[in-house]
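Shown next, in structure tokens, is the structure this report addresses.
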Amino acid sequence: MSSLVFLQVATPYTFRWNVLIPYLPAFARGLLVTFQVSIVAEIVGIVLGLVAALARLSRWGGLQLAAIGYIDFFRGVPLLATLVWFYYGVSLLFGINFTAFSAGVAGLGITYGAYLAEIFRAGIQAIPRGQNEAAHTLGLSSWQIMQHVILPQAVRIALPPIGNSFVSMLKDSSLIAVLAVTDLMRVGMIVASDTFRAFEAYTFVAVVYYFATVIVARGLSLVERRFAISR
Amino acid sequence: MPEADAPRDLMIRVVDLEKHFGDVQVLRGVSFDVARGEVLVVIGPSGSGKTTLLRCLARLEEPNGGEIWVDGSRFTGRTPRHTVGMVFQQFNLFPHLSVLDNIILAPRLVRKLSRANAVAEARDLLRRVNLLEKAEAYPVQLSGGQQQRVAIARSLAMQPKVMLFDEVTSALDRELVMEVLQVMKKLAEDGMTMVVVTHELWFARNVADRLFLIDHGVVIEEGPPDRIFSAPREERTRRFLGELL
């Protein structure tokens, strides 16, 4: 707030929010695209993360190494680089024509899968060993134990950090604007250049992201409470 | 050891069982037989190898040497594990499942029972442990004694030939111990073969057919409870019982 006052004193900038009004439907469509990308990418990330976590914990060394390689690589490379690489690199190297939307979803999902793998692994390892042993003495196979005893509990433990990752996803998805997917951020960029009112456009975009993430986070904590198991 | 050697009423034969964890030798050649329907109580100071012995019998630990035979066949990695049921100190009920679902999970997955049949069996078992009214409850809503009785019912649902009990009352408040011991007593009277690690002398005196004292990975004294309580042969037995009484 104080910096805004300072700006007004130093450079008498007059906010003109009304230039945004004609673009409100475009912003709304952009927000919808942001949610679409985020939800699909989060699902991709959850599936990949679960598979990678199981591979990481498997008895087979090859699978472990593959999982560790995947997790290290995509946590170590900047998301922006991954996105650009998926969009341009994959089509150059393999001749596959990705739409910007699918390249964005793939890059986000694969990167988030690397983080989610560690979340799932922590959840699985948090289950007391006695659960596994009791299930073993009842004659369940390792896979049945994972499916019916360990994962249902581990997923509930992982629910809060998964929710967090979705909140981050909503914001990180803004990077796909550089692939020219018209998400909320991209609409902000277009409006900024159309109106020469970048400050208003980006401030508005920031406020919308803020409310979207806060509302989603509150909703998710309700879900968490619904699924929590007491021990 | 040829199968024909085993007497007909033999349920468990353990021969020269050895187990070490790294350099620590926990079981140093333990051998014993348990007859069908017999209740063997294992006592001994902590760290003596009692729990490891049970865990080997349940195949939760792979022995480093020796053989385990159950009901006339060698108990190996390929034997269905639920031949031997086990109840744990910490109950280990599945917290995300109701009491009924805890009990029917393995019968449905392993014995391939239909849900209706598994539920019918589970209700019979719950009646046996006096917890039928808790079928829909979750483990967290039960007392420790009730949880342990559910754990016993859950094990029985797999129709094991042998039941192992590893200090199943040690985590319970005093006033809840008896309800679990009574269920175990009834089970013994119904003819279940049981190996019980416990510090409960009431159970050892009144239910055990035979008593085992283990120390440092070897059986140091064995015999009927009356004899061991009244006239222990070994100094170590006398000292250990003295500490418990």
Taking only C-alpha positions in chain A, Rg and Dmax in angstrom work out to 21.9, 76
If the chain between A:Phe227 and A:Trp85 were fully extended at 0.36 nm per residue, the gain over the current Cα-Cα distance would be 47.3 nm
Expected unfolding gain across A:Glu118-A:Trp60 under the 0.36 nm per residue rule, minus the alpha-carbon gap, is 19.1 nm
One checks the Cα atoms of the range A:101-195 and finds Rg and Dmax, in Å, of 19.8, 70
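Given the -39500 (n - 2.57) contribution per DSSP H run of 4+ residues, what per-residue ellipticity at 222 nm results for chain A, rounded to the nearest 500 deg cm²/dmol?
-24500 deg cm²/dmol
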Listed with the fewest Cβ neighbours within 10 Å leading, A:Trp143, B:Trp69 appear as A:Trp143, B:Trp69
If every Lys and Arg gets +1 and every Asp and Glu gets -1 at its Cβ, then about the Cα centre the range A:23-226 yields a dipole, in debye to the nearest 20, of 360
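Where both partners of a DSSP beta bridge lie in the protein assembly as shown, what percent of those bridges are antiparallel, to the nearest 5?
On the way: 21 of 38 bridges.
Given both bridge residues lie in the protein assembly as shown, the antiparallel proportion sits at roughly 55 percent.
Can you tell me, using C-alpha contacts under 8 Å and at least 6 residues apart, the relative contact order of the range A:64-119 as a whole percent? Write down the numbers at each step before the final one.
Working: 36 pairs, mean separation 25.2, N = 56.
Relative contact order comes out at 45 percent.
For peptide B:98-110, what's the mean number of Cβ atoms from other chains within 10 Å of each residue's Cβ?
Values: counts 0, 0, 0, 1, 2, 1, 0, 6, 8, 2, 1, 9, 5.
Mean shielding by partner chains, rounded to a whole number: 3.
Divide by every residue of chain B the summed helix terms, -39500 (n - 2.57) for each DSSP H run of at least 4, and state the resulting mean residue ellipticity at 222 nm, rounded to the nearest 500 deg cm²/dmol. Display every interim value, and only then the final one.
Values: 8 runs with 84 residues, N = 245.
One gets -10000 deg cm²/dmol as the mean residue ellipticity at 222 nm.
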Once amide hydrogens are built 1.01 Å from N within the peptide plane, the residues lying 5 or more places from B:Glu61 or on another chain with amide H under 5 Å from its amide H are B:Cys56
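Counting other beta carbons within 10 Å of each Cβ, put B:Val14, A:Val208, A:Val223 in order, fewest first.
Result, fewest neighbours first: A:Val223, A:Val208, B:Val14.
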Amide H proximity to B:Ala135 below 5 Å, modelled H, separation 5+ or other chain, gives none
Relative contact order of the range A:1-133 (C-alpha contacts under 8 Å, at least 6 apart) in percent is 34
Within the set A:Leu108, A:Leu93, A:Leu63, GNM on chain A using Cα springs under 10 Å gives the largest fluctuation to A:Leu93
In terms of the charge dipole of the range B:24-127, which places +1 on Lys and Arg and -1 on Asp and Glu at the beta carbon, the residue among B:Val119, B:Gly72, B:Gly44 farthest towards the positive end is B:Val119
Per GNM of chain B with C-alpha springs under 10 angstrom, the most fluctuating residue out of B:Thr193, B:Thr51, B:Thr79 is B:Thr79
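Which of B:Thr83, A:Thr137, A:Thr14, B:Thr76 comes first, and how do the rest follow, when ranked by fewest Cβ neighbours within 10 Å?
On the way: B:Thr83 19, A:Thr137 27, A:Thr14 5, B:Thr76 10.
Least to most surrounded, the residues fall as A:Thr14, B:Thr76, B:Thr83, A:Thr137.
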Computed ³J(HN,Hα) along the range B:92-97: with the Karplus parameters 6.51/-1.76/1.60, θ = phi - 60°, integer Hz and x for glycine or proline, the list is 6, 5, 7, x, 8, 10
Connecting every pair of Cα atoms under 10 Å apart in chain A and solving the GNM, the largest mean-square fluctuation among A:Ser142, A:Ser165, A:Ser58 falls on A:Ser142
Across chain B, qualifying lysine pairs (alpha carbons under 25 Å, at least 8 places apart or different chains) come out at 11
Semi-axes of chain B from the Cα gyration tensor (sqrt of 5 times each eigenvalue, largest first, whole Å) come to 30, 22, 16
Of all DSSP beta bridges having both residues in chain B, the percent classed as antiparallel (nearest 5) is 55
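Within 10 Å of each Cβ in peptide B:84-93, how many partner chain Cβ atoms are there on average? Round it to a whole number, please.
On the way: counts 2, 3, 5, 2, 4, 1, 6, 2, 10, 4.
Mean inter-chain Cβ contacts per residue within 10 Å come to 4.
With a/c under 1.5 counting as rounded, go ahead and sort the protein assembly as shown into rounded, prolate or oblate using the C-alpha gyration tensor (a ≥ b ≥ c being the square roots of the eigenvalues; past the cut-off, prolate if a/b is larger than b/c, else oblate).
Numbers: a/c = 3.11, a/b = 2.65, b/c = 1.17.
Prolate, since a/c reaches 1.5 and a/b exceeds b/c.
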Diffing the range A:17-34: the Karplus 3J(HN,Hα) column from phi (6.51, -1.76, 1.60, θ = phi - 60°), in whole Hz with x for Gly and Pro, holds 4, 5, 5, 7, 3, x, 8, 3, x, 5, 4, 4, 5, x, 4, 4, 4, 4
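Over the range A:23-226, calculate the relative contact order: mean separation of alpha carbon pairs under 8 Å at least 6 apart, over the residue count, as a percent. Please list the in-between numbers first.
On the way: 235 pairs, mean separation 56.7, N = 204.
Computed value for the range A:23-226: 28 percent relative contact order.
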For peptide A:138-144, the mean count of other chain Cβ atoms within 10 Å per residue Cβ is 6
Phi-derived 3J(HN,Hα) across the range B:201-214 with the Karplus relation (6.51, -1.76, 1.60, θ = phi - 60°), rounded Hz, x for Gly and Pro, is 5, 4, 5, 4, 5, 9, 10, 5, 7, 8, 10, 10, 10, 10
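Only the coordinates and a few stated rules stand behind these numbers; no lab work does. Treat the numbers as computed from the prediction; the structure is a model and nothing was measured. Cβ sites come from the backbone with ideal geometry, for glycine too, and all protein chains shown count toward neighbours.
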